[in-house]
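These notes are about the structure you will find just below.
The values are calculated or read from the model by the stated rules, or taken from the named source; none is laboratory data. Just so it is clear, the structure is predicted and the values come from calculations on it, not from any experiment. Note that we place each Cβ from the backbone using ideal geometry, even for glycine, and neighbour counts take in every protein chain shown. Areas reflect the complete protein model, heavy atoms only, side chains present, ligands, DNA and RNA absent. Shrake-Rupley method; radii C 1.70, N 1.55, O 1.52, S 1.80 Å.
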Amino acid sequence: ETVFVNGGVLPEGSELVGERVWDFEIGKYEVTWDEWQEVRTWAVANGYSDLEGVGAGSAGDHPVRNVSWYDVVKWSNAKSEKEGLTPVYQVSGAVYKTGESEPTVNIAANGYRLPTEAEWEWAARGGVNSQGFTYSGSNVIGEVAWYWVNSGETKAVGTKQANELAIHDMSGNVWEWCWDLDETKSANRLRGGSWRHQAADGAVTYRVSRAPDSRYSVIGFRLARNA
């Protein structure tokens, strides 16, 4: 389930201030363990051999975790193909299915992809409906996020209050992979904090990076699509 997000410009207070975001769609929820497994089964049977056995989840309606940036990019292509959409990510002109490569983006594709970091922050802030909250949907972390004080592990997606765009869990539960590389050009951006991290990490402005092959119990993702 995706939410349509009207574009705009990142405001003062953002490290990405002034960056323009065009209209796009983003997942209302983080990708769940059930959804991951369903697509993974199809993927492994259709040439995405690297995904066999990849990923974990505490329950079917909890976010998938222990997935690398490479994993989720390939999985996004598999989901696109499974649903008859054009995959976004390519390597040497072919659909990216295996290996650890930095793929190119087919900007005309209608399939699933990771949000850019600017898209992610714009959506987390509530887009054109933003009320300027510290966290995604509130100034009170516990209203919108599962984090180290109130969780102990991942929780079912969508069980905390949504933000201004009716999107859930953009603060807390699991960190979410973004498309972008950071300044080192060797690590990809993550946003949103997690069940095992402190409140400050769930702020809509907070940025971290990890190597694209990293798999941790605190990292998952949500999908985006071109509008």
For region 124-145, what are the residues that are in a helix (DSSP H, G or I), within 20 Å of Asn6 (Cα to Cα) and open to solvent by less than 50 Å² (accessible area, probe 1.4 Å)?
Ala124, Gly127
Collect the residues in region 79-123 that are hydroxyl-bearing (Ser, Thr, Tyr), part of a loop (DSSP other than H, G, I, E, B) and farther than 17 Å from Asp50 by Cα, keeping them in residue-number order.
Thr86, Ser92, Thr116
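Every residue, every condition in (1) touching a residue at least 40 places away in the same chain (Cβ under 8 Å); (2) outside any loop (DSSP other than H, G, I, E, B); (3) closer than 23 Å to Lys28 by Cβ, yes or no:
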site: Arg189; (1), (2), (3): yes, yes, yes
site: Gly193; (1), (2), (3): yes, no, yes
site: Asp201; (1), (2), (3): yes, yes, yes
site: Val204; (1), (2), (3): yes, no, yes
site: Arg215; (1), (2), (3): yes, no, no
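Give region 190-218 a look and list any residue that's closer than 21 Å to Asn77 by Cα and surrounded by fewer than 24 Cβ atoms within 10 Å (Cβ to Cβ), or say none. Outline the logic, then answer.
At the first step, the residues of region 190-218 found to be closer than 21 Å to Asn77 by Cα are 190, 211-215.
Ala211, Pro212, Asp213, Ser214, Arg215 - these are the residues of region 190-218 that are closer than 21 Å to Asn77 by Cα and surrounded by fewer than 24 Cβ atoms within 10 Å (Cβ to Cβ).
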Name the one entry in Ser76, Ser58, Ser14 that is touching a residue at least 60 places away in the same chain (Cβ under 8 Å), part of a loop (DSSP other than H, G, I, E, B) and within 23 Å of Ala124 (Cα to Cα).
Ser14
With free of Cβ contacts under 8 Å to residues at least 60 places away in the same chain, charged (D, E, K, R) and either more than 18 Å from Leu16 (Cβ to Cβ) or open to solvent by less than 40 Å² (accessible area, probe 1.4 Å) (or both) as the only criterion, which of Glu81, Glu117, Glu121, Glu100 stands out?
Glu81
If I go through region 2-30 residue by residue, how many of them are open to solvent by 10 Å² or more (accessible area, probe 1.4 Å), in contact with a strand residue (DSSP E or B) (Cβ under 8 Å, 6 or more places away or on another chain) and among the acidic types (Asp, Glu)?
4
May I ask you to list the residues in region 169-189 that are of a type in the set (A, V, I, L, M) and open to solvent by 20 Å² or more (accessible area, probe 1.4 Å)?
Leu181
